[in-house]
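Colleague: The structure is given below, and queries will be raised subsequently.
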Amino acid sequence: MCTTNHILYWYKRRDRAIIPRFVTDRTQAQAYSSRLKLTCELPMPQASDHATSASTGAIRHVLRSPSLFTREALAGVLTALALIPEVISFSVIAGVDPKVSLIASVVLCLAMSVLGGRPAMVTAAAGSVALVIGPMVHQHGVGYILPAVILAGIIQILFGLGGMARLMRFIPQAVMTGFVNALGILIFFAQVPHFWSKQPLILGLFVLTLLIVLWAPRYIKAIPAPLIAIVVLTLFTVTTGQLLPTVGDEGSMSGGLPGFTALLVPLNLNTLQIIWPCALSIAFVGLLESLLTAKLVDDLTQTPSSKARESAGLGIANILAGLYGGIAGCAMIGQTIVNVEMGKGRSRISTLAAGVVLLLLVTVLSEVMAKIPMAVLAGVMVIVAAKTFSWHSLRPAELKRNPWPETLVMLVTVAATVGTSNLAIGVLAGRGAMALIPRRLRSGPSATSGKPSPDREK
């Protein structure tokens, strides 16, 4: 028999096993974990309760510390600035007004900062959802967005309440690695048009942004380096009168708040036939990307989250966003990396600050926001792409150590994601590739797909 009253304080998950924190050698850890599994079964914590209490404790801790509160607020400012160009571009893909999608992103960000199950994760109008909703809008018109988004939100709420989010535990680690690497590639190539130019000034601003973001943290630690780059280089271009592509060139930046969206289509069977395929796609693509991002942030921060709460919260947030005429949203992994890695955001305060700052930028400070050079934002996002990509997975020693099926699954996931620009399709392709590989060829803990990993969250 074993006593497990304080097991949460002494053990953590590493390589799909529960091992003591004091074990640092990989061989010792694997040996100990194997022996541990033979001697006793360790109870897993109740994720929703643990995640909720931990989140509440983190907020109280941040509010009591001026330095931590400042860090979280600045992370939110940086995240809001990183959201703007992406949301605008996704609006164009979906065929909706950029201003409306920005307001919907405000609603999503604020709602998920309270309702979401993963603190510090950023949710807004996303490209994967735009790709799904775009064909319906182009074929039938924007009037069908509202009922489609509401139906998608209801599906996501039911998904969360039914506890189906725990199925994410069955996604192999190789697929997760491919997902992250593909995302880094997509983020990078999305920025190329903004800095690859014959104008030396545009390329110069891009290079200066990279240098500031990489070197400023050595001397200035209180303010995020990307925020320094954006403010300094924007002031430079404005004061010198340089004519460069700016955020204002991407879409309308007029101030003010839009009203609620009226229902423009009848609620009948014909409407249902039009919206239900799109609604299902929105629901599952959004859930997949959000839950994968939550799992990634769990690993980055070594903290648990409630996937069921995240699913239900996303459904409610999407319904609220739909009422403002915006497309549905999901987790923005690039902006989440900006918040967590570059801004060091760890609590709900960072995402709440991002929503508030984005609201101010869209309404009161829309003229200021419109003057930010796109080359500067592109430089920030290129750094994000580099930080997102798992360079460790490409090291010769790592490739030699991992079984070849893992490498193959990772490459399939990357190829499918980059080829379709759809993260959900890439993940499904990688999971399908893993299923086609004979079980006898799989070895290693991360290649196992027949059993769920013992996640700390449900």
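Colleague: Identify the single condition in (1) assigned to a loop (DSSP other than H, G, I, E, B); (2) under 23 Å from Leu300 (Cα atoms); (3) modelled with pLDDT under 75; (4) not polar (S, T, N, Q) that Ala51 does not satisfy, given that it satisfies every other one.
Modeller: Checking Ala51 against (1) assigned to a loop (DSSP other than H, G, I, E, B); (2) under 23 Å from Leu300 (Cα atoms); (3) modelled with pLDDT under 75; (4) not polar (S, T, N, Q), the one that fails is (1).
Colleague: Could you grab me the full set of residues in region 103-132 that are closer than 10 Å to Thr351 by Cα and in a loop (DSSP other than H, G, I, E, B)?
Modeller: Pro119, Ala120, Met121, Val122, listed by residue number.
Colleague: Continuing with the same structure: Are any of the residues in region 298-314 over 26 Å from Leu146 (Cβ atoms), part of a helix (DSSP H, G or I) and among the hydroxyl-bearing types (Ser, Thr, Tyr)?
Modeller: Yes, some residue in region 298-314 is over 26 Å from Leu146 (Cβ atoms), part of a helix (DSSP H, G or I) and among the hydroxyl-bearing types (Ser, Thr, Tyr).
Colleague: Working only within region 255-296, note down all residues that are surrounded by fewer than 18 Cβ atoms within 10 Å (Cβ to Cβ) and within 30 Å of Met369 (Cβ to Cβ).
Modeller: Correct list: Gly255, Gly256, Leu257, Pro258, Gly259, Phe260, Ala262, Leu264.
Colleague: While we're on this one: Please work out which residue is surrounded by the most Cβ atoms within 10 Å (Cβ to Cβ), limiting yourself to region 370-401 and to residues that are closer than 20 Å to Ile171 by Cα and in contact with a Gly (Cβ under 7 Å, 6 or more places away or on another chain).
Modeller: Among those that are closer than 20 Å to Ile171 by Cα and in contact with a Gly (Cβ under 7 Å, 6 or more places away or on another chain), it is Thr388.
Colleague: Select, from Val23, Val77, the only residue that is modelled with pLDDT of 90 or more, in contact with a helix residue (DSSP H, G or I) (Cβ under 7 Å, 6 or more places away or on another chain) and among the hydrophobic types (A, V, I, L, M, F, W, C).
Modeller: Val77
Colleague: Okay, next question. If we scan region 110-120, do we find a residue that is surrounded by fewer than 24 Cβ atoms within 10 Å (Cβ to Cβ) and either farther than 30 Å from Thr303 by Cα or of a type in the set (Val, Ile, Thr) (or both)?
Modeller: Yes, region 110-120 contains at least one residue that is surrounded by fewer than 24 Cβ atoms within 10 Å (Cβ to Cβ) and either farther than 30 Å from Thr303 by Cα or of a type in the set (Val, Ile, Thr) (or both).
Colleague: While we're looking at this one, here's another question. Any idea which of (1) on the phi > 0 side of the Ramachandran plot; (2) modelled with pLDDT of 85 or more is the one Ala433 doesn't satisfy?
Modeller: (1)
Colleague: Something else: Which helices (runs of 4 or more DSSP H) sit wholly inside region 346-425 and have at least 1 residues that are in contact (Cβ under 8 Å) with a residue 12 or more places away in the chain, closer than 30 Å to Leu233 by Cβ and in the same structural domain as Phe236 (by TED's automatic domain parsing)?
Modeller: The qualifying helices (runs of 4 or more DSSP H) are 348-362, 366-369, 374-388.
Colleague: Now for a separate question. Starting from region 110-132, keep only residues that are assigned by TED's automatic domain parsing to the domain that holds Ala152 and closer than 16 Å to Tyr324 by Cβ, then list their pairs with residues that are β-branched (Val, Ile, Thr) and in a strand (DSSP E or B) whose Cβ atoms are within a distance under 7 Å, requiring at least 6 positions of separation or different chains.
Modeller: Met112/Thr123
Colleague: I would also like to ask the following. Go through Ser290, Ser305 for me and flag whichever is of a type in the set (Gly, Ala, Ser) and closer than 23 Å to Val96 by Cβ.
Modeller: Just a single option satisfies the conditions, and that option is Ser290.
Colleague: The conditions are (1) closer than 25 Å to Leu411 by Cα; (2) crowded, with 23+ Cβ neighbours inside 10 Å, and Ala165 fails exactly one of them. Which is it?
Modeller: So Ala165 meets the others, but not (1).
The values are calculated or read from the model by the stated rules, or taken from the named source; none is laboratory data. Bear in mind the structure is a predicted one, so any value in this text is a computation, not a measurement. Cβ sites come from the backbone with ideal geometry, for glycine too, and all protein chains shown count toward neighbours.
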